[in-house]
Amino acid sequence: MDEAFLAQLRCPLDPERQTTLVREEQQIRCTGCHVHFPVKQGLPVLVPDEAELPAGMRELSQLPCQRRANRRKNLN
C-alpha cells in the first residue's frame, strides 16, 4: 500500500469521514479515535467488526467521533 493510496482513505467509523489514517507496522490507525484496523495481504481491512478499539473502550459508541455525532443528532 503506497502513501498516495493511504492519503485517500478515511476512518469508516467517523460519521463525517474527515479523520485520516496512518500506517503503524501491520495496522492502520485512525488519527482521531485511535482505532486500529488490520492490514491483510497489503490491504487495509476497514471493517468496523475488524477494528481494535483503544484501551479502555469496549464498544464503538464510546469513541469520540461517535459521541460527537450522537450529540449533533440529539440537538436536531
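Between Leu60 and Gln27, what FRET efficiency comes out of the Förster formula 1/(1 + (r/R0)^6) with R0 = 22 Å and r the beta carbon distance, rounded to 0.05? E between Gln27 and Leu60, to the nearest 0.05, is 0.80. Between Arg17 and Leu43, residue separation times 0.36 nm minus the direct Cα-Cα distance comes to 7.5 nm. Give me the Kirkwood hydrodynamic radius of the chain in Å, from all C-alpha pairs, to one decimal place? Radius from the Kirkwood sum: 12.9 Å.
From its DSSP helices (H runs of at least four residues, each -39,500 (n - 2.57)), the chain gives a residue-normalised ellipticity at 222 nm of -6500 deg cm²/dmol. In order along the range 45-59, phi translates into HN-Hα couplings of 9, 8, 10, x, 5, 8, 6, 9, 6, x, 4, x, 10, 10, 8 Hz, rounded to whole numbers, per the Karplus curve 6.51 cos²θ - 1.76 cosθ + 1.60 with θ = phi - 60° and x for Gly and Pro.
Just so you know, all these numbers are worked out from the coordinates, no wet-lab data involved. It should be emphasised that the depicted structure is a prediction, and the values quoted were computed from it without experimental measurement. Backbone-built Cβ (ideal geometry, glycine too); neighbour counts: all protein chains shown.
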